[in-house]
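Just so it is clear, none of the values below were taken in a lab; they were calculated from the coordinates. Just so you know, these numbers come straight off a predicted model, no measurement behind them. Glycine gets a Cβ as well: all are built from the backbone with ideal geometry, and neighbour counts include every protein chain shown.
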Amino acid sequence: MSIQPLTGACFCKSLPYTIQAKRKEDCTLSAFCHCSKCQVLNGAPYVWTTHWVEDAITWSQGESKFTSQQGQEGSTPSTTTPSSNPLLPNKPELPRTMQTFETMPGRKWKIRCRVCGTPLGSWNEAKREWTIWPPSLDRPTVTRQVRILDPNGSNEEATATKEVTDVGSVEDLSSWFRPTHHMFFGPWRTIDLNDGLPAYLGYQANSERVK
Ligand SMILES: [Zn+2]
Ligand SMILES: [Zn+2]
C-alpha cells in the first residue's frame with residue numbers, strides 16, 4: 001500500500017506540517033478523546049486525536065495569511081519575540097512560529113501556533129510520538145451551484161444560481177486512519193454519542209470498556 005503524504009496547518013497558515021507515513025502502523029492511535037484536558041485546550045466538547053511515530057511528522061514555517069492591514073497587528077511572526085529556549089528537547093530545527101506548553105514536566109508538551117494560537121497537537125517525549133488533531137488537515141475544496149431564491153417571491157422559485165466553494169471531506173483523506181473508538185469516556189464528558197464505536201474509560205489498552 002502506498003500512502004500519500006498529507007499536509008495541514010493552523011488557522012493562519014504560519015505553522016504547517018506534513019504527515020509522511022511509510023506504513024499504516026506509523027499511525028499508532030486514532031480515536032475521539034473526551035478527557036477534560038482536550039476539552040479545555042481546544043474549547044471543544046471532545047477531539048479527534050491521532051498519534052504518530054516521530055519521523056512521520058515534519059513541521060515547517062509558513063507565511064501567515066493575515067497582515068497587519070487586516071486588523072491582525074501584533075500577531076505576525078516578525079512582531080513576536082521568539083523564545084531562545086528549545087521548543088522541545090533535542091529538537092533545535094523546529095519553526096519559530098511554533099509555541100509549546102509543558103503539560104507534564106519532561107514528558108508532554110502541547111503545540112500551538114505562536115501567531116494565531118490554534119492548538120495543533122502535542123509531543124510525547126516518553127513515547128517519542130506526535131499527536132496531531134486532524135481537523136487541521138488541508139482539505140480539497142469542492143464547488144457547487146446553489147439556487148438564489150427571490151425574497152419577494154410567493155413560492156420557492158429560484159431566480160438565479162451562484163457558485164459556492166465548500167471545504168471538502170476529511171473522511172476521504174483519512175480513510176486509512178479513521179477513529180476506531182472513544183477514549184476517556186467518563187462522567188466528565190460533555191456529550192453522549194451513539195455512533196456505534198466502542199468507548200473506554202481511559203486508554204483502550206488498559207481501561208474498562210463502558211460502551
Ligand atoms: Zn497560525
Ligand atoms: Zn484528551
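Under a model in which nothing but the beta-carbon of Lys, Arg (+1) and Asp, Glu (-1) is charged, the chain shows a dipole of about 640 debye around its Cα centre. Summarising the label geometry, the points placed 7 Å from Cα in the beta-carbon direction at D55 and D166 lie 4.0 nm from one another.
Summarising the amide proton neighbourhood of F11: residues at separation of 5 or more, or on other chains, whose placed amide H is nearer than 5 Å comprise T118.
Sparse packing (at most 15 other Cβ atoms within 10 Å of the Cβ) combined with a DSSP loop state is found for the following trypsin sites (Lys or Arg not before Pro) in segment 106-148: R107, K127, R128.
Dipole of the chain computed with +1 at Lys/Arg Cβ and -1 at Asp/Glu Cβ about the Cα centre; of V47, V142, L88, farthest Cα towards the positive end is L88.
Annotation: amide H of A21 within the under-5 Å range of L6, sequence separation 5 or more or interchain, hydrogens built in the peptide plane.
Shape class of the chain from the alpha-carbon gyration tensor: oblate, with a/c at 1.5 or above and b/c at least as large as a/b. Applied to segment 191-207, the Karplus parametrisation 6.51 cos²θ - 1.76 cosθ + 1.60 on θ = phi - 60° returns per-residue 3J(HN,Hα) values of 8, 9, 10, 10, 9, x, 7, x, 10, 10, 5, x, 5, 4, 5, 9, 9 Hz, with x for Gly and Pro.
Under 5 Å from the amide H of H181 lie the amide H atoms of F32, each residue being 5 or more positions distant or on a separate chain, with H modelled from the backbone and absent for Pro and chain starts.
With both bridge residues required to lie in the chain, what share of the DSSP beta bridges run antiparallel, to the nearest 5%? Show your work: numbers first, answer last.
Values: 43 of 47 bridges.
Of the beta bridges lying entirely in the chain, close to 90 percent run antiparallel.
Run the numbers for S2 and R178: contour at 0.36 nm per residue of separation, minus the present Cα-Cα distance, in nm.
Working: separation 176, 0.36 × 176 = 63.36 nm, distance 1.69 nm.
Extending this stretch completely gives an extra 61.7 nm.
Extending 7 Å from the Cα toward the beta-carbon at both N206 and T190 defines two label points whose distance is 2.8 nm.
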